[in-house]
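The block underneath contains the structure these notes are about, expressed in structure tokens.
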Amino acid sequence: MVDTMVFIRLLIHDLKSKMISPRMVILYPLLILFIPGSVWGFSDPNTSLPGTISIEGASTVMFLSSLFVLLSATLGVVLVGFDSISRPRLTGELTIELAQPINRTLLGFSHLFGVWLSVAIPVALLQISSLMIIQHQMGITPSVEDSITWVGITALLLLWYASLQMIASSMAQDLGASVTFGVATWMLFTLMWLLVTVVIATVLGVDATNTADPTFIRFQEHADLFSPNGVYQLVLQNRLPQSAQPTVWDGWIDLAVVGWTVIPITYYLRRFRKLKP
Amino acid sequence: MEVLVELENARYLHPIPRAIIAAAKRRKQPIPKRGIIEASLRIESGSIIGLVGPNGAGKSTLMSIMAGILPLQRGIIKSNGKHVLSEQDRVHLRKRIGLMPERVAWSGPGNPLDVIRRLCIIRGQDAKNAEEILQRVGLSSRSRDRLSSLSQGMRQRLSLGAALIGNPDILLLDEPMNGLDPVAQSAFRKMIQEMANRGTAIVVSSHQLNELERFVEGVAIMNQGKIVTQGSFTSVEHDLGVGQRLMVSGIGPSPASMISENPLITVKELDEEGDWCLRLTRHDQTWSQDLRAALIERINVGSTKVASLERVPPDLEEILRTATGISEGIDLQGEE
């Protein structure tokens with residue numbers, strides 16, 4: 001009980017300092033521009049989208065704006081978290097922290113949650129304000145299930161990125177290595193994943209010359225289970241009208257959500273418990 | 001005095017990089033060991049122990065073990081007589097210990113007040129105590145300055161402040177006087193003495209041996225991962241055989257050659273006031289009162305007379321040299 005109170009007080013202290021840090025001050029305009037901004041654009045009845053994309057309700061707006069969440073909020077987690085362990089380790093501050101009478105697991109969680117929530121809270125607030133934008137622009141109230149799924153899975157996505165970044169930060173011997181790992185991970189899942197999928201598909205004999213081919217789409221959906229961004233989009237895609245839903249079995253998506261939540265956090269905490277100054 | 005923490009045959013070896021192991025094997029040399037090979041130490045309430053040793057002797061590693069940061073690979077650690085085994089035991093141990101590591105390069109967007117408040121929260125203390133801590137270490141006027149603007153001395157004070165949170169029973173201070181100005185050093189010594197008088201045990205590691213001598217009561221000498229000797233200055237002098245020196249001066253012809261005839265005594269002529277001044281070192285035993293009386297009788301022949309005779313206490317530097325075998329011509333280019 002005492003430890004839990006210490007954990008909560010520590011988390012609140014860390015959140016206060018992180019949420020007003022220069023990095024977050026730079027990030028806020030980007031988040032505003034990317035999340036409510038994209039929702040504003042997609043929910044505008046006069047918007048014409050390229051190709052065959054059509055807005056069929058609030059869930060479609062949320063699904064389309066997820067691309068902008070992937071481009072801004074996940075990068076925010078990388079930028080906030082890349083030095084949260086490696087810097088104090090290099091300066092010697094971590095030695096003082098590890099010498100304090102607090103359970104290592106709780107201390108590890110406070111570092112992880114500090115990074116995660118400092119981005120996830122503003123993002124969630126912007127998403128909630130975006131729901132009001134949808135209501136204002138389209139004249140429809142997004143369903144509670146859709147809204148909770150959108151906000152919740154975005155928060156989980158940021159937790160996955162935060163745990164990956166904390167693993168990198170706890171491994172890094174210098175700040176450069178940590179930020180490189182974080183940005184490289186972000187680039188792999190955000191910008192390069194389609195290329196990786198195409199290469200693997202070709203190697204496995206799946207025709208990747210036509211990305212609209214149902215066999216390739218099915219393969220791609222399965223490959224997406226191994227990417228946090230892919231899982232994020234599959235979950236949101238599941239809320240779309242029947243015709244646009246993914247073909248991959250729901251159970252695999254649920255399993256991927258659990259796996260991406262449990263495995264990186266467990267590995268990070270294991271590393272943190274054995275961390276040496 | 002109550003034994004607060006006790007280490008018995010403690011061992012913690014740092015992992016050696018594969019490249020170094022491979023190089024050692026290539027040269028058919030033994031694989032180097034870094035860390036603590038074997039250390040036993042008792043920390044009693046109110047004691048001030050100086051932890052001294054050459055670079056790489058394992059002082060900081062030993063402090064990390066005592067602070068409950070590094071787990072033991074062998075041996076035992078007891079806190080108030082109870083074995084420290086689990087993480088929960090280490091948490092209890094850390095509650096009683098305040099650690100000031102060597103040269104913390106405080107940085108980041110925060111300020112000293114934020115740092116101490118955060119540590120107060122972790123220690124389960126009221127964050128309001130932070131200002132009092134900063135006042136205690138003379139940082140209250142800089143409490144809201146950016147960490148990056150602090151000088152090395154100010155950063156040392158902040159690290160000391162961090163160690164003082166929660167009034168720990170044991171203070172582990174690694175090179176605490178690095179970067180402190182003379183006034184701050186004096187205030188630091190006074191504070192340490194006051195804390196020891198109140199029952200806090202203090203372990204200070206330092207290379208500034210002349211400074212250390214001014215306030216420590218006993219020493220533990222480390223070399224190559226081992227505690228070579230420990231105890232009060234007198235007992236360490238006795239163990240190392242460095243307490244057998246006399247300074248003799250007088251008038252008339254110098255008795256140096258006559259005394260040198262005894263192979264058990266080394267004679268060194270010193271350039272002091274008076275006709276002659278000699279430093280005599282006995283290699284077999286200490287200069288007892290009888291031996292000193294016999295020496296005076298032997299010297300006082302003819303016009304040669306002893307004017308003064310006093311025992312020369314060894315300084316900490318000499319103790320360290322004797323204990324570790326480091327000669328004056330230390331090879332700075334060699335591997336630490």
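Among the residues of the stretch A:176-194, at least one is more than 30 Å from A:A244 (Cα to Cα), open to solvent by less than 20 Å² (accessible area, probe 1.4 Å), under 16 Å from the mean Cα position of the chain (by Cα) and not hydroxyl-bearing (S, T, Y).
None of B:I36, B:I122, B:I65, B:I48 is within 30 Å of A:L11 (Cβ to Cβ), among the hydrophobic types (A, V, I, L, M, F, W, C) and in contact with a strand residue (DSSP E or B) (Cβ under 9 Å, 6 or more places away or on another chain) except B:I65. For the stretch A:215-248, give me each residue that is open to solvent by less than 20 Å² (accessible area, probe 1.4 Å), polar (S, T, N, Q) and under 21 Å from A:I53 (Cβ atoms). The answer is A:N229, and nothing else. Scanning the stretch B:88-107 for residues that are facing chain A (nearest Cβ under 7 Å) and out of contact with any strand residue (DSSP E or B) (no Cβ under 9 Å at 6 or more places or on another chain) gives B:V91, B:R94, B:K95, B:V104, B:A105, B:W106, B:S107.
Inclusion of B:I165 among residues that are closer than 20 Å to A:D14 by Cα and either more than 8 Å from chain A (Cβ to nearest Cβ) or in contact (Cβ under 8 Å) with a residue 24 or more places away in the chain (or both) is warranted.
Within the stretch A:171-192, the set of residues being aliphatic (A, V, I, L, M) and at pLDDT 85 or above comprises A:M171, A:A172, A:A177, A:V179, A:V183, A:A184, A:M187, A:L188, A:L191, A:M192.
For the stretch B:68-80: of the residues being in a loop (DSSP other than H, G, I, E, B) and open to solvent by 60 Å² or more (accessible area, probe 1.4 Å), which is farthest from the other protein chains (Cβ to nearest Cβ)?
Only one residue fits best here, namely B:N80.
For the stretch B:120-151, the candidate set comprises residues that are within 27 Å of B:L51 (Cβ to Cβ), open to solvent by 10 Å² or more (accessible area, probe 1.4 Å) and outside any loop (DSSP other than H, G, I, E, B); within that set, the residue that is farthest from the other protein chains (Cβ to nearest Cβ) is B:R136. Tally time: how many residues in the stretch B:105-116 are under 14 Å from A:I96 (Cβ atoms), modelled with pLDDT of 90 or more and surrounded by fewer than 22 Cβ atoms within 10 Å (Cβ to Cβ)? Here the count works out to 2. For B:L113, state whether it is free of Cβ contacts under 8 Å to residues at least 40 places away in the same chain and under 27 Å from B:L134 (Cα atoms). Criteria met by B:L113.
Inside the stretch B:27-43, residues that are open to solvent by 50 Å² or more (accessible area, probe 1.4 Å) and either at pLDDT 90 or above or closer than 22 Å to B:G58 by Cβ (or both) make up a count of 7. Given the criteria within 14 Å of another protein chain (Cβ to nearest Cβ) and within 23 Å of A:P101 (Cβ to Cβ), does B:L62 qualify? Criteria met by B:L62. Among the residues of the stretch B:207-236 satisfying the criterion of being touching an Asp or Glu at 6+ places or on another chain (Cβ under 9 Å) and not in a strand (DSSP E or B), which is nearest to B:R282 (Cα to Cα)? Checking each candidate, the answer is B:F233. For the stretch A:57-113, a residue qualifies if it is over 24 Å from A:L175 (Cα atoms), at the interface with chain B (Cβ under 8 Å from one of its Cβ atoms) and touching a residue at least 40 places away in the same chain (Cβ under 8 Å), and the qualifying residues are A:I102, A:N103.
Condition first: in a loop (DSSP other than H, G, I, E, B) and either more than 7 Å from chain A (Cβ to nearest Cβ) or over 30 Å from A:I20 (Cα atoms) (or both). Now tell me which residues in the stretch B:109-119 satisfy that.
If we filter the stretch B:109-119 for residues that are in a loop (DSSP other than H, G, I, E, B), which is where we start, we get B:109-111.
If the condition is that a residue be in a loop (DSSP other than H, G, I, E, B) and either more than 7 Å from chain A (Cβ to nearest Cβ) or over 30 Å from A:I20 (Cα atoms) (or both), then B:N111 is the only one that fits.
The residue that is farthest from B:Y12 (Cα to Cα), counting only those in the stretch A:255-277 that are loosely packed, with under 13 Cβ neighbours inside 10 Å and more than 14 Å from chain B (Cβ to nearest Cβ), is A:V258. Among residues that are under 24 Å from B:E194 (Cα atoms) and touching a residue at least 24 places away in the same chain (Cβ under 8 Å), B:V104 is not included. Look at (1) under 21 Å from B:A67 (Cα atoms); (2) touching a Gly at 6+ places or on another chain (Cβ under 8 Å); (3) not charged (D, E, K, R) and you find that B:L147 fails only one, number (1).
The values are calculated or read from the model by the stated rules, or taken from the named source; none is laboratory data. From a predicted model like this one, the values you see are computed outputs, not experimental measurements. FYI the Cβ positions are ideal-geometry reconstructions off the backbone, even for glycines, and counts take in every protein chain you see. For the accessible areas, the whole protein counts, side chains as well, though only heavy atoms, and no ligand, DNA or RNA atoms are used. Shrake-Rupley method; radii C 1.70, N 1.55, O 1.52, S 1.80 Å.
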